[in-house]
Amino acid sequence: GVIKHNLLQAIQAAVPVTEPIIVTPAAAKFKTDFISPIALAIFNKYKKEGCFGFANPQQLAQAISSHISQNEVIQSIEVAGNGFLNIHIQPEYLASLIHNISASGKLQINLNVERQKILVDFSSPNIAKEMHVGHLRSTIIGDAICRCLEFLGHEVLRTNHLGDWGTQFGMLLTYLNDTYPDWETNAPDISDLETFYKAAKQRFDQEPEFKERSRLKVVDLQSGEENAIKAWKYIYKVSREYLQIIYDRLDIKIEDCGESFYNPMLPGITQELVEKGFAVQSEGALCFNVPGFELPLMVQKSDGGYGYDSTDLAAAKYRLLDLGVKRAIYVTDMGQNPHFLTIFEAAKLIGWHRPPETRMDHAGFGVVLGEDGKKFKTRSGEAVKLITLLDEAHGRAKEQLLKRSNEPEIGQQTHLNPSDFENAAEAIGVSAIKYYDLKQNRISTYEFSFDRMLDPRGNTAVYLIYAYARICSILDKAGQEAVAAALANPCILMAPQERALALWICRFPDTLETVIEELSLNKLCDLIYEVTTKFSEFYSNCKVIGTPEQASRLQLCLATKFMLLESFTLLGIKPLERI
């Protein structure tokens, strides 16, 4: 934020334009701290008009840099051959940031962002169906986006758009009444929802009479018939209790607002679109042809029923107008991207969505593949249950701990008591799955591999958790008195490894800003991994305890610990102080 402010003032002094300031952390090979391509961006934008008399980007960059004098933040600025600005930070400024973080236990975030009401639509499984690996991505990515937004002070509505309505419920209610006619007084065990759903589907596919009764049951449900609503609520309750087991294990907080919530709004939406001329007749149905999109939105089916399109239109209106959200983020697979872009454009045409006052984003993600590079399925070809993955991750993490407890070599032994293994295995297993998913480019596919997820070497949650525990061990070894004494002193960064570590820790605010703008959680994962590797280089080259530099180096250890802890929390990962 401080560097951007300096740059903004210099640009306005050099040329009469106001452009978004671009500053990014520099890769190690550039031998600088930050780089900015802003001069090149301005030159390319205005070169047809002569770019205010500047012959090339280098000249413009030189003019901008001439308006930035050395100050408490910026040590120097160089102009690269391509017109980029190379920015070097004052070591004293870096050291003061490290001291403030280590003394306060907090990462100072001073992003100039307006606090908003933001809705994140994520997870959203179907009632009466198992959560599978596809729901894993939506649930983990959505939760981490919410955590980052909440950290910045936004009011976040964590919304679970459950598939709790529709034609499949006619089939499920009919099967419940046929198989368990006394279900109201003698509640059956239908906790194995997958088996229940498959049995109902089999009858639906094979018995025309059952299929017809199911169709009529949908009519009963949609008209609010008492017994149909009672049975629907029962199936909903059993299914939701099962979902909560998974949400608890993943540490997910979410509010349900499923498809059924919007059902009463659909006739009104249809009427509004007809009156405004957006919904037109097509083969007995009402369709909304959105310019620029190939497929129309189905506002109302020819039989008078409604589908996903009408429900999503109703949800968009409710969220933007009734709830008054300024940004709505939809976290689903990339296959639904065309659908949601059509919904967003439709909402804009109707007048509900008014950019830039309101913003709608589709945070699409790629599919999860098996290690064979094909869609991740069981051997029998079915979707992999999410609960099965969590159980296996737990089991494998516990195996690792048991193995380490029996290893004779120093450095391999675990410091946990066997009584702590279960809780530690759950934390490590769940964190391994979450981090492996979040470190991927969101829109890319990736191969699910327990071996790679739980590898204690490389860019994995296991490696990061071990590194975090090592930092906690160093601070414990130093003792509370030494740590308190260190905080009473200023921080001085002398060794190059100290400066490199401090610089990466202080990149947290800029990284978080990028994460929120691009919904790219992998950028935060990259930062965590870089900080961890830089800490390893620092610790290998700079002795901490019992040296003249102990005070400053303990502050660096503390700042690293607090930065990692905050970052883990934002990703929904639970670190361990002992392992």
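The values are calculated or read from the model by the stated rules, or taken from the named source; none is laboratory data. What you see is a predicted model, and the numbers here were worked out from it, not measured in a lab. FYI the Cβ positions are ideal-geometry reconstructions off the backbone, even for glycines, and counts take in every protein chain you see. Ligands, DNA and RNA are excluded from the accessible area calculation, which covers all protein heavy atoms including side chains. Shrake-Rupley method; radii C 1.70, N 1.55, O 1.52, S 1.80 Å.
When K348 is tested against (1) under 21 Å from the mean Cα position of the chain (by Cα); (2) within 24 Å of F288 (Cα to Cα); (3) of a type in the set (K, R), exactly one condition is not met: (1). Whether a residue is open to solvent by 10 Å² or more (accessible area, probe 1.4 Å) and over 30 Å from the mean Cα position of the chain (by Cα) was assessed, and A484 passes this test.
Residues of region 376-401 that are within 22 Å of the chain's Cα centre (by Cα) and of a type in the set (K, R): K385 alone.
Report whether or not I579 is of a type in the set (V, I, T) and buried (at least 18 other Cβ atoms within 10 Å of the Cβ). The answer is yes for I579. Taken together, K198, K117 contain a single residue that is surrounded by fewer than 16 Cβ atoms within 10 Å (Cβ to Cβ) and under 19 Å from the mean Cα position of the chain (by Cα), which is K117. Taking helices (runs of 4 or more DSSP H) as the structural unit, those lying wholly within region 479-538 and holding at least 1 residues that are under 18 Å from I3 (Cβ atoms) correspond to 496-505, 508-518. When K403, K398 are checked against the criterion of being among the basic types (K, R), open to solvent by 40 Å² or more (accessible area, probe 1.4 Å) and free of Cβ contacts under 8 Å to residues at least 12 places away in the same chain, a single residue qualifies: K403.
Residues are listed down the side, and each one gets a yes or a no for (1) open to solvent by 60 Å² or more (accessible area, probe 1.4 Å); (2) without any contact (Cβ under 8 Å) to a residue 40 or more places away in the chain; (3) in contact with a strand residue (DSSP E or B) (Cβ under 8 Å, 6 or more places away or on another chain):
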| residue | (1), (2), (3) |
| --- | --- |
| E345 | no, no, no |
| R354 | yes, yes, no |
| D372 | yes, yes, no |
| T378 | no, yes, no |
| A383 | no, no, yes |
| A393 | no, no, no |
| E422 | yes, yes, no |
| S449 | no, no, no |
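All of (1) in contact (Cβ under 8 Å) with a residue 12 or more places away in the chain; (2) more than 30 Å from A500 (Cβ to Cβ); (3) assigned to a helix (DSSP H, G or I) hold for A128 with one exception: (3).
Out of the residues in region 539-555 meeting the condition of being part of a helix (DSSP H, G or I) and in contact with a helix residue (DSSP H, G or I) (Cβ under 6 Å, 6 or more places away or on another chain), tell me which one is surrounded by the most Cβ atoms within 10 Å (Cβ to Cβ). Spell out the reasoning first.
Going through region 539-555, the residues part of a helix (DSSP H, G or I) turn out to be 539-541, 550-555.
Remaining after also requiring in contact with a helix residue (DSSP H, G or I) (Cβ under 6 Å, 6 or more places away or on another chain): 541, 551, 554-555.
Details: N541: 11, A551: 19, L554: 24, Q555: 26.
Of everything passing the filter in region 539-555, Q555 is surrounded by the most Cβ atoms within 10 Å (Cβ to Cβ).
Across region 259-286, which residue is nearest to I350 (Cα to Cα) among those that are of a type in the set (A, V, I, L, M, F, W, C) and surrounded by fewer than 20 Cβ atoms within 10 Å (Cβ to Cβ)? Working first, answer last.
Of region 259-286, the ones of a type in the set (A, V, I, L, M, F, W, C) are 261, 265-266, 269, 273-274, 278-280, 285-286.
Now drop any that are not surrounded by fewer than 20 Cβ atoms within 10 Å (Cβ to Cβ), which leaves 261, 265-266, 274, 278, 280, 285.
Values: F261: 21, M265: 16, L266: 15, V274: 11, F278: 8, V280: 14, A285: 20 Å.
Filtering region 259-286 for residues that are of a type in the set (A, V, I, L, M, F, W, C) and surrounded by fewer than 20 Cβ atoms within 10 Å (Cβ to Cβ), the one nearest to I350 (Cα to Cα) comes out as F278.
Of L501, L454, L464, which residue is buried (at least 16 other Cβ atoms within 10 Å of the Cβ), in contact with a Lys or Arg (Cβ under 6 Å, 6 or more places away or on another chain) and either farther than 30 Å from D251 by Cβ or at pLDDT 95 or above (or both)?
L501
Has region 154-169 got at least one residue that is in contact with a helix residue (DSSP H, G or I) (Cβ under 7 Å, 6 or more places away or on another chain), open to solvent by less than 70 Å² (accessible area, probe 1.4 Å) and among the acidic types (D, E)? Checking region 154-169: at least one residue is in contact with a helix residue (DSSP H, G or I) (Cβ under 7 Å, 6 or more places away or on another chain), open to solvent by less than 70 Å² (accessible area, probe 1.4 Å) and among the acidic types (D, E). Inspection of region 175-192 finds a residue satisfying the criterion of being under 30 Å from A432 (Cβ atoms), open to solvent by 40 Å² or more (accessible area, probe 1.4 Å) and not hydrophobic (A, V, I, L, M, F, W, C). So which of E155, E207 is within 30 Å of K439 (Cβ to Cβ) and either among the charged types (D, E, K, R) or modelled with pLDDT under 90 (or both)? Residue meeting the stated conditions: E155. The lone criterion from (1) farther than 19 Å from C148 by Cβ; (2) free of Cβ contacts under 8 Å to residues at least 60 places away in the same chain; (3) of a type outside the set (S, T, Y); (4) open to solvent by 40 Å² or more (accessible area, probe 1.4 Å) left unmet by E518 is number (1). Within region 81-92, the set of residues being buried (at least 16 other Cβ atoms within 10 Å of the Cβ) and assigned to a helix (DSSP H, G or I) comprises just one member, P91.
Yes or no, residue by residue, for (1) touching a strand residue (DSSP E or B) at 6+ places or on another chain (Cβ under 9 Å); (2) at pLDDT below 85; (3) within 16 Å of I573 (Cβ to Cβ); (4) assigned to a loop (DSSP other than H, G, I, E, B):
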| position | (1), (2), (3), (4) |
| --- | --- |
| L390 | no, no, yes, no |
| A397 | no, no, yes, no |
| L402 | no, no, no, no |
| T414 | no, yes, no, yes |
| I428 | no, no, yes, no |
| I433 | no, no, yes, no |
| R442 | yes, no, no, yes |
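Residues that are touching a residue at least 40 places away in the same chain (Cβ under 8 Å), of a type in the set (S, T, Y) and within 17 Å of T167 (Cα to Cα) number at least 1 in the following helices (runs of 4 or more DSSP H) confined to region 225-329: 226-250, 259-262, 308-317. Applying the selection to region 134-153, what residues are within 25 Å of V384 (Cβ to Cβ) and either open to solvent by 10 Å² or more (accessible area, probe 1.4 Å) or not hydrophobic (A, V, I, L, M, F, W, C) (or both)? Scanning region 134-153 gives G134, H135, R137, S138, T139, G142, D143.
When T569 is tested against the conditions (1) under 22 Å from L524 (Cα atoms); (2) crowded, with 18+ Cβ neighbours inside 10 Å; (3) in contact (Cβ under 8 Å) with a residue 40 or more places away in the chain, the lone failure is (2).
Just one of A41, A95 is of a type in the set (A, V, I, L, M, F, W, C) and either in a strand (DSSP E or B) or in contact (Cβ under 8 Å) with a residue 40 or more places away in the chain (or both); which is it?
Working: A41 fails: either in a strand (DSSP E or B) or in contact (Cβ under 8 Å) with a residue 40 or more places away in the chain (or both).
Only one candidate passes the filter, namely A95.
Among the residues of region 7-49, write down those that are among the aromatic types (F, W, Y), open to solvent by 50 Å² or more (accessible area, probe 1.4 Å) and farther than 30 Å from E537 by Cβ. Give the derivation first.
Keep residues of region 7-49 that are among the aromatic types (F, W, Y), which gives 30, 34, 43, 46.
Now restrict to residues that are open to solvent by 50 Å² or more (accessible area, probe 1.4 Å): 30, 46.
Residue satisfying the conditions is Y46 alone.
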